[in-house]
1. Go through (1) outside any strand (DSSP E or B); (2) closer than 27 Å to G67 by Cα and name the single condition N154 misses.
2. Looking at the range 122-140 only, could you name the residues that are loosely packed, with under 14 Cβ neighbours inside 10 Å, at pLDDT 80 or above, in a strand (DSSP E or B) and out of contact with any Leu (no Cβ under 8 Å at 6 or more places or on another chain)?
3. Check whether at least one residue in the range 75-92 is free of Cβ contacts under 8 Å to residues at least 12 places away in the same chain, part of a strand (DSSP E or B) and of a type outside the set (S, T, N, Q), and report yes or no.
4. If you take the residues in the range 56-71 that are of a type in the set (G, A, S) and free of Cβ contacts under 8 Å to residues at least 60 places away in the same chain, which one is nearest to A134 (Cα to Cα)?
5. Which residues, counting only those in the range 1-58, are at pLDDT 75 or above, closer than 30 Å to L85 by Cα and out of contact with any Asp or Glu (no Cβ under 8 Å at 6 or more places or on another chain)?
6. Being within 13 Å of the chain's Cα centre (by Cα) and in a strand (DSSP E or B) is the filter; apply it to the range 93-121 and report the residue that is nearest to A63 (Cα to Cα).
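The values are calculated or read from the model by the stated rules, or taken from the named source; none is laboratory data. Because the structure is predicted, anything quoted here is derived from the model rather than measured. Here the Cβ positions follow ideal geometry from the backbone for every residue, glycine too, while neighbour counts run over all protein chains shown.
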Amino acid sequence: MPTTLSLRSRSGFTLAEVLAALVIFGILLAIAAPRMTGIVKSAGRSSVTNQLAADLSLTRMRAMRAGNRARLVINTAGTGYTVELRGRDGALVEQVKTVSLTRDYPGLTLSPANDSVVFDGRGLRRSGATTIVAMQGSTSLRDTLTISALGKVNRAR
């Protein structure tokens, strides 16, 4: 039978120590949670902006490869876009890619809505938006892409 001395020499935590640690952890979590949601939303905007920049480059490359016009079209609600390849007569040849923000990034919208960026067969921007903004609800939370006449995409914060 174990003696009282051998029971006390065992290592471990008391109930009071465990409860104190849980209370401290809960307080830290309560302080950090609002900050984490802001970081997650910012990461979503950043991800959409990166994807949009890559798809603008894809649109430009497809135009140069085909030697025809290609365009990135933002839908009327600003909640998604489509990359299209057009023929010499302006008719749709191929719908390359469609992206829906409502499924992957709820609350994010693109501006200007119902607009497009058109590249010619040489990769030059022919018409459409020169600036595309990814917004999270309000105008204060946004990332901006600008497209130069030469087709270069720049990101501004």
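1. Here N154 clears every test but (1).
2. At the first step, the residues of the range 122-140 found to be loosely packed, with under 14 Cβ neighbours inside 10 Å are 122, 127, 130-131, 137-140.
Filter again for at pLDDT 80 or above, leaving 122, 127, 130-131.
Of the ones still in play, those that are also in a strand (DSSP E or B) are 127, 131.
If the condition is that a residue be loosely packed, with under 14 Cβ neighbours inside 10 Å, at pLDDT 80 or above, in a strand (DSSP E or B) and out of contact with any Leu (no Cβ under 8 Å at 6 or more places or on another chain), then S127 is the only one that fits.
3. Within the range 75-92, the first condition is being free of Cβ contacts under 8 Å to residues at least 12 places away in the same chain, and the residues that meet it are 89, 91-92.
Next cut, part of a strand (DSSP E or B) only: 92.
Remaining after also requiring of a type outside the set (S, T, N, Q): 92.
The answer is yes, given that some residue of the range 75-92 is free of Cβ contacts under 8 Å to residues at least 12 places away in the same chain, part of a strand (DSSP E or B) and of a type outside the set (S, T, N, Q).
4. Let us first name the residues in the range 56-71 that are of a type in the set (G, A, S), namely 57, 63, 66-67, 70.
Those left that are additionally free of Cβ contacts under 8 Å to residues at least 60 places away in the same chain: 66-67, 70.
Values: A66: 29, G67: 30, A70: 22 Å.
Top of the filtered list is A70.
5. Once the filter is applied, which keeps residues that are at pLDDT 75 or above, closer than 30 Å to L85 by Cα and out of contact with any Asp or Glu (no Cβ under 8 Å at 6 or more places or on another chain), the range 1-58 yields S47, N50, Q51, L52, A53, A54, D55, L56, S57, L58.
6. As a first pass, look at the range 93-121 and keep what is within 13 Å of the chain's Cα centre (by Cα): 99-110.
Still in the running and in a strand (DSSP E or B): 99-100, 108-110.
Numbers: V99: 19, S100: 22, L108: 28, T109: 26, L110: 23 Å.
For the range 93-121, the residue satisfying everything is V99.
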